[in-house]
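Participant: There's a structure below that I have some questions on.
No value in this document is a laboratory result; all are computed from the given coordinates. Small disclaimer: the values here were computed from a predicted structure and weren't measured. Counting neighbours? That spans all protein chains shown, and the Cβs are built from the backbone with ideal geometry, glycine included.
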Amino acid sequence: MPLHIKRLIGVFAIFIALFLVMRQVLRPSSFGELGHFRAKAIYENTLRPMHYTVADSCTKCHKDIRSDKDLGFHFRLKCEVCHGPGLKHALYANQFKNKELPDSLILYKPGERKDCAICHNLNRARIKIQFDTINTTMVHMVNVMKHHVTDPKTKEALKCIDCHNPHQP
Amino acid sequence: MNEDTIKLSRRNFFKAGTVLASGVAIASTLAPYDGLLFAAEAPGAKGKWYGIGIDINKCIGCGKCANACKQENNVPKDPFYFRSWVEQYTIKNDGSILVESPNGGIDGFKQSVPDNDIYKSFFVPKMCNHCAKSPCTQVCPVGATFETEEGIVLVDENYCIGCRYCVQACPYGCRYIHPEKGTVDKCTLCFHRLKKGLQPACFEICPTEARIFGDLNDPKSKLNYFLKNHNCMVIKPHLNTGSKLFYNALTPEVR
């Protein structure tokens, strides 16, 4: 074999060895176990904090509201739809029985007209919703900004929840 | 025809035949390794294979899903960053199409077109399609985004270099660059909730149960029941992304 070919083979061998060493050093430990990615990243993705709980954890304590809600049209709605994420409240509010809750545990109480309008305002896109054979879903639509805005006797501004109980509309 | 041309064509015939035969042989030996083309295994694999169903007929456009997604996953509150959002399609009598999504639908929708001009109008909730042959994972130069065995497309935040290739590759516009982290962020189908046996936040919160979530491999799952009983379709089927987000009552206007 000519000398220059031997030298070339040597140079190639050095390059390949260098590549293997660098690959070993630079590659993350779990890379390639399941595919072209770090297998550990799957576990890391499960570590994020939760904010929403499940409906059952609300009704464990708020039994009266559940019995209210089961009779009304809002029986399918979960508490967090209106009140916002409540995992912290569900976990820690028990410790504050007969005491005042700290601000971070108090959930949002929607009562303004715009809160009801999010689902119930007039919109042509909502009209086609009909009774389904499997699930009954239908939303009652009113012109929220014109529907009984003031009390006819006292002339005071009215909120939706002054007449309609949101738990049992 | 003289003798020469016959000789030549016979030689060409053997040449072409050899090339064809060797090509077939090579392709058939490589066939078992076509898994390299797709990161996740195709449907029919064992275990869970998650899919999503959305009933457009039931969506009332309350935007609670978009809001829940932002709260659950700490998505920036600015109106440019969404993992999940709702669009309001309005088709006018003259045939023109108007698509609106003010703040992703979180603050509710208003119909900007007078009722007399509307032919029809509907809401379309959008989110990551969790494609089985996702274009976004194929373009990643460092392997920072991948499909899990359950068919969920995830991002490795610690490995992403923020090159934005995947943002451009996604045909559904479901990825964004997180302004603080500088890495890409997308719907994880609330992977942290799934692993605890809970539903993703947007499915948990939907007031009309327009969103159905389930295992496509389980013939008794709610999702398979939904798919059997409705005319379901994916968005942009011609792109062959293997999308697993099925819409009932999807019309061709939706892109």
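Participant: Apply 1/(1 + (r/R0)^6) to the Cβ-Cβ distance of residue A:164 and residue B:220, taking R0 = 35 Å, and write down the FRET efficiency to the nearest 0.05.
Facilitator: It comes out at approximately 0.35.
Participant: Hey, another quick one. Over 23 Å between C-alpha atoms is what I'm after, so list which of B:48/B:196; A:159/B:77; A:60/A:159 land there. Intermediate values should be presented prior to the final figure.
Facilitator: Working: B:48/B:196 15 Å; A:159/B:77 28 Å; A:60/A:159 29 Å.
Beyond 23 Å: A:159/B:77; A:60/A:159.
Participant: So what is the calculated 222 nm ellipticity per residue for chain B, using -39500 (n - 2.57) for each DSSP H run with n of 4 or more, over all residues, to the nearest 500 deg cm²/dmol?
Facilitator: -7500 deg cm²/dmol
Participant: Based on alpha-carbon centroids, what's the gap between segment A:1-60 and segment B:139-175 in Å, whole number please?
Facilitator: Centre-to-centre (Cα) distance: 15 Å.
Participant: May I ask you to sort B:139, B:153 by Cβ crowding, counting other Cβ atoms within 10 Å and putting the fewest first?
Facilitator: B:139, B:153
Participant: If the only charges are +1 at each Lys and Arg Cβ and -1 at each Asp and Glu Cβ, what is the size of the charge dipole of the protein assembly as shown around the Cα centre, to the nearest 20 debye?
Facilitator: With Lys and Arg at +1 and Asp and Glu at -1, about 600 debye.
Participant: So if I place +1 on the C-beta of Lys and Arg and -1 on the C-beta of Asp and Glu, and nothing else carries charge, what would the dipole magnitude of chain B be about its Cα centre? I want it in debye, nearest 20. Numbers along the way, then the final one.
Facilitator: Details: 30 positive and 25 negative charges, 82 e Å.
Dipole size: approximately 400 debye.
Participant: At residue A:1 and residue B:13, where each label point lies 7 Å from the Cα along Cα→Cβ, what is the point-to-point distance in nanometres?
Facilitator: With each label placed 7 Å out from Cα toward Cβ, I get 4.6 nm.
Participant: Would you order B:193, B:255 from fewest to most other beta-carbon atoms within 10 Å of each residue's own beta-carbon?
Facilitator: Sorted ascending by nearby Cβ count, the order is B:255, B:193.
Participant: Something else: In segment B:55-149, which chymotrypsin sites (Phe, Trp or Tyr not before Pro) fall in coil by DSSP and have 13 or fewer other Cβ atoms within 10 Å?
Facilitator: Here the sparse-neighbourhood loop sites are B:80.
Participant: Exposure proxy check: B:206, B:163 ranked by fewest other beta carbons within 10 Å?
Facilitator: Final ranking by Cβ density, sparse to dense: B:163, B:206.
Participant: Do any GluC sites (Glu not before Pro) in segment A:3-84 lie in a loop, going by DSSP, with at most 12 other beta-carbon atoms within 10 Å of their beta carbon, and if so which?
Facilitator: Answer in residue order: A:33.
Participant: Still on this structure: Which three extents, in angstrom, do the Cα atoms of chain A have along their principal axes, listed largest first?
Facilitator: The Cα atoms of chain A stretch 110, 47, 35 Å along their principal axes.
Participant: Something else about it: Pop the C-beta distance of residue A:67 and residue A:23 into the FRET formula with R0 = 51 Å and round what comes out to the nearest 0.05.
Facilitator: 0.20
Participant: Cut-off under 26 Å on the C-alpha distance; same-chain residues fewer than 8 positions from residue A:155 excluded. Which lysines are left, in chain and number order?
Facilitator: Correct list for residue A:155: A:109, A:114, A:146.
Participant: Just the Cα atoms of segment B:163-252: what Rg and Dmax do they give in Å?
Facilitator: Using the Cα atoms of segment B:163-252, the pair Rg, Dmax is 15.3, 44 Å.
Participant: For a 18 Å ceiling on Cα separation, which of these pairs sit above it: A:40/B:195; A:69/A:99; B:92/B:120; A:78/B:64?
Facilitator: In this structure, A:69/A:99 exceed 18 Å between Cα atoms.
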